[in-house]
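The values are calculated or read from the model by the stated rules, or taken from the named source; none is laboratory data. Just so we're clear, the structure is a prediction, and the values are computed from it rather than from any experiment. Virtual Cβ from ideal backbone geometry, glycine too; neighbours counted across all protein chains shown.
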């Protein structure tokens, strides 16, 4: 049997499943990222949409008001206000094979600070930058470090390809680049 870290590395290097790809855990003064035993620790890019109520906007997935956030880009870190959240994206671009699905869970380093990372599954056939929701449940501002680890992706491989992939269905988030806001089609 092929070890999970071996086939993840093979798919990343030969099929471009994860780009850029780090074949080892990077650490040493940074929140770790890269290949792990059963998954891959992703990095958050230096682009954030931090939600704020200064414009009295309402967060509505069917009628999204762009005044509900402030764009922060190119910074070493971002502060998320208490009991608030931000949208961000991964550094990595994913191309999911038709026989693989992945789920994403937050890293314990941030979880221990009251930071929750929420991401929906990466469906077979989906590709793009991952849009992340980073929630600060703490009563204090939270610092999130750009270009460092934020969450871990766990991959599950089936013995066969799925009948209809995300790309076959023409999924609305296919090929997304940057932070993608909610869409209802």
What pairs can you find where one residue is in the stretch 47-65 and on the phi < 0 side of the Ramachandran plot and loosely packed, with under 12 Cβ neighbours inside 10 Å, the other is in a loop (DSSP other than H, G, I, E, B) and modelled with pLDDT of 75 or more, and their Cβ atoms are less than 6 Å apart, with a gap of 6+ or different chains?
61/182; 62/184
Of 68, 22, the only residue that is more than 19 Å from the chain's Cα centre (by Cα) and either closer than 25 Å to residue 108 by Cβ or surrounded by 14 or more Cβ atoms within 10 Å (Cβ to Cβ) (or both) is 68
Kindly indicate the residue of the stretch 106-126 that is in a strand (DSSP E or B) and surrounded by fewer than 20 Cβ atoms within 10 Å (Cβ to Cβ) and also farthest from the chain's Cα centre (by Cα) among those meeting that condition.
116
Tell me, yes or no, whether the stretch 127-135 has at least one residue that is over 22 Å from residue 66 (Cα atoms), in contact with a helix residue (DSSP H, G or I) (Cβ under 9 Å, 6 or more places away or on another chain), modelled with pLDDT of 90 or more and surrounded by 15 or more Cβ atoms within 10 Å (Cβ to Cβ).
yes
Please give the number of the condition residue 37 fails out of (1) touching a helix residue (DSSP H, G or I) at 6+ places or on another chain (Cβ under 8 Å); (2) modelled with pLDDT of 95 or more; (3) exposed (fewer than 15 other Cβ atoms within 10 Å of the Cβ).
(2)
Residues of the stretch 155-172 that turn out to be in contact with a helix residue (DSSP H, G or I) (Cβ under 9 Å, 6 or more places away or on another chain) and surrounded by 17 or more Cβ atoms within 10 Å (Cβ to Cβ), as a count
1
Quick check on the stretch 60-83: of everything there that is touching a strand residue (DSSP E or B) at 6+ places or on another chain (Cβ under 7 Å) and closer than 21 Å to residue 183 by Cα, which residue is modelled with the highest pLDDT?
71
